[in-house]
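The values are calculated or read from the model by the stated rules, or taken from the named source; none is laboratory data. Treat the numbers as computed from the prediction; the structure is a model and nothing was measured. All Cβ positions, even for glycine, are placed from backbone atoms using ideal geometry, and neighbour counts span all protein chains on display.
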Amino acid sequence: MAETLRLEGLTVRYGEHTAVADVSLGLEAGTIGCLLGPSGCGKTTALRAIAGFEPPSAGRVLLQGREVAGPAVHIPPEHRRVGMVFQDLALFPHLTVADNIAFGLAGGGPHRRERVEELLELVGLPGAGPRYPHHLSGGQQQRIAIARALAPEPAILLLDEPFSSLDVELREQLPRELRGILQAAGITTLLVTHDQMEAFAMADRVGVMSGGALCQWDTPYNLYHRPATPFVADFVGQGVRLPGTVLAQGKVETELGLLEGAVPADCPVGRQVDLLVRPDDIVIDPDGEGMALVEERVFRGADYLYTLRLPSGSRLLSLAPSHNACAVGSRVTVRPDLDHLVLFPREGGPSCPVEPGPAE
Ligand code: ATP
């Protein structure tokens, strides 16, 4: 499938500060991508560089195969065929919904009215044209802002924290709805958010950013189950990192016993490692005499999230059905149920003997 967006080593500097550092990725036509990361990691700057509001300091932006920003190229935003929805939506309060949407359309006449009605149908608000923005709920206003951005038929839709101004209930429901709308219409979209659940609910591909760099650009499933770095492992989903030692190829000794699975090349025999353990990797048996102490439990409806302490002091998380509750302070037996091993070389930990390098 053709790519709508490609970033090649995109770098944006503000004076001495590098806000976006050497980011490369590709987004296929008709799919939804997301840049995810904590505040200040460079998500919005990357989006603004794609839209044309920030010139790259290095690297290139290609839209539908055409270079729109690069060392010798700067196509202005209005000629890039991007639709952008900002955090605050910025609908014109004195214009009707129809006029807000039509704002981005050239020319008048019946085609204009038809196009506005078509867009209102697309976002699930047929007939809302004569109303004013303040007559609409936050979620409806957001859909109008998206309809307006789609009016000139952009090649890509860019959404900056599209759900941040909405209340909690809508923030759960709207990402799913919006994904359905964009997918059905085949609109290539890139959004940015700091909220992992939004990213997972919306996107086919998610890029986790930290300090301006793109740590991993992957499916939500792989980010959760096969995080490429400790930062991604910690930022996406819950879990702990448990110390271990690689004993032989495919075997890792941990406080939970000997675990078997594929071991990455950067974790040779003898290497001290951190094993990522997600709450759904740990099964507990409330037998009252196991090695783990229930330190805390949080009721989450269908299940409890337990915090367990092992004899070494290491903590584990475990998800277990809430009808089978274990009391805080009780002892439980812990059984690891890992589908595969996610290992990171332990920072500062001794590794297998290595030949000393040449003296410096
Ligand atoms: P948030 O979610 O808080 O908006 P973000 O991940 O979108 O964060 P950016 O807004 O892209 O991050 O900012 C990245 C870094 O660049 C931050 O350290 C920010 O302070 C800095 N920065 C952003 N815009 C400018 C600017 N116009 N001038 C100087 N520094 C800036």
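One residue stands out among those in segment 266-324 that are surrounded by fewer than 16 Cβ atoms within 10 Å (Cβ to Cβ) and among the polar types (S, T, N, Q): the one that is modelled with the highest pLDDT, which is Ser312. Just one of the listed residues (Asp266, Asp234, Asp218, Asp287) is closer than 25 Å to Ala325 by Cβ and charged (D, E, K, R), and it is Asp287. Determine whether Glu118 is away from the ligand (no atom under 16 Å from the Cβ) and either buried (at least 20 other Cβ atoms within 10 Å of the Cβ) or in a helix (DSSP H, G or I) (or both). The answer is yes for Glu118.
Out of the residues in segment 156-170 that are of a type outside the set (A, V, I, L, M) and more than 15 Å from the chain's Cα centre (by Cα), state the one that is surrounded by the fewest Cβ atoms within 10 Å (Cβ to Cβ). It comes out as Glu169. The single condition from (1) crowded, with 20+ Cβ neighbours inside 10 Å; (2) at pLDDT 95 or above that Leu174 fails is (2). Of the strands (runs of 3 or more DSSP E) entirely within segment 263-311, those holding at least 2 residues that are on the phi < 0 side of the Ramachandran plot and touching a residue at least 60 places away in the same chain (Cβ under 8 Å) occupy 272-277. Annotation: Leu91 fulfils all but one of (1) within 16 Å of the ligand (Cβ to nearest atom); (2) closer than 19 Å to Asp160 by Cβ; the unmet one is (1).
The set of residues from segment 203-231 being in contact with a Cys (Cβ under 8 Å, 6 or more places away or on another chain), more than 16 Å from the ligand (Cβ to nearest atom) and not small (Gly, Ala, Ser) comprises Arg205, Thr229.
Quick one: would you say Ser39 is within 16 Å of the ligand (Cβ to nearest atom) and loosely packed, with under 15 Cβ neighbours inside 10 Å? Full working, then the answer.
Numbers: within 16 Å of the ligand (Cβ to nearest atom): yes; loosely packed, with under 15 Cβ neighbours inside 10 Å: yes.
Yes.
Of the residues making up segment 77-87, one or more are closer than 24 Å to Ala213 by Cα, within 16 Å of the ligand (Cβ to nearest atom) and crowded, with 18+ Cβ neighbours inside 10 Å. Counting only strands (runs of 3 or more DSSP E) wholly contained in segment 33-97, the ones carrying 1 or more residues that are among the charged types (D, E, K, R) occupy 58-63, 66-70. Pick out the one residue from Gly37, Gly42, Gly83 that is within 22 Å of the chain's Cα centre (by Cα) and closer than 24 Å to Gln141 by Cβ. Going through Gly37, Gly42, Gly83 in turn, the sole match is Gly83. How many of the residues making up segment 13-32 are near the ligand (Cβ under 8 Å from one of its atoms), without any contact (Cβ under 8 Å) to a residue 60 or more places away in the chain and assigned to a strand (DSSP E or B)? Residues flagged as near the ligand (Cβ under 8 Å from one of its atoms), without any contact (Cβ under 8 Å) to a residue 60 or more places away in the chain and assigned to a strand (DSSP E or B) within segment 13-32 amount to 2. Taking the criterion of being within 20 Å of Gly257 (Cβ to Cβ) and either among the β-branched types (Val, Ile, Thr) or out of contact with any Lys or Arg (no Cβ under 6 Å at 6 or more places or on another chain) (or both), the residues of segment 295-318 that qualify are Leu308, Leu310, Pro311, Ser312, Gly313, Ser314, Leu316, Leu317, Ser318.
It is to be established whether one or more residues within segment 179-193 are surrounded by fewer than 22 Cβ atoms within 10 Å (Cβ to Cβ) and either farther than 30 Å from Arg112 by Cβ or within 16 Å of the ligand (Cβ to nearest atom) (or both). The answer is no; no qualifying residue exists.
Matching residues to (1) more than 30 Å from Gly211 (Cβ to Cβ); (2) more than 15 Å from the ligand (Cβ to nearest atom):
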position: Ala51; (1), (2): no, no
position: Pro55; (1), (2): no, no
position: Ala58; (1), (2): no, yes
position: Ala98; (1), (2): yes, yes
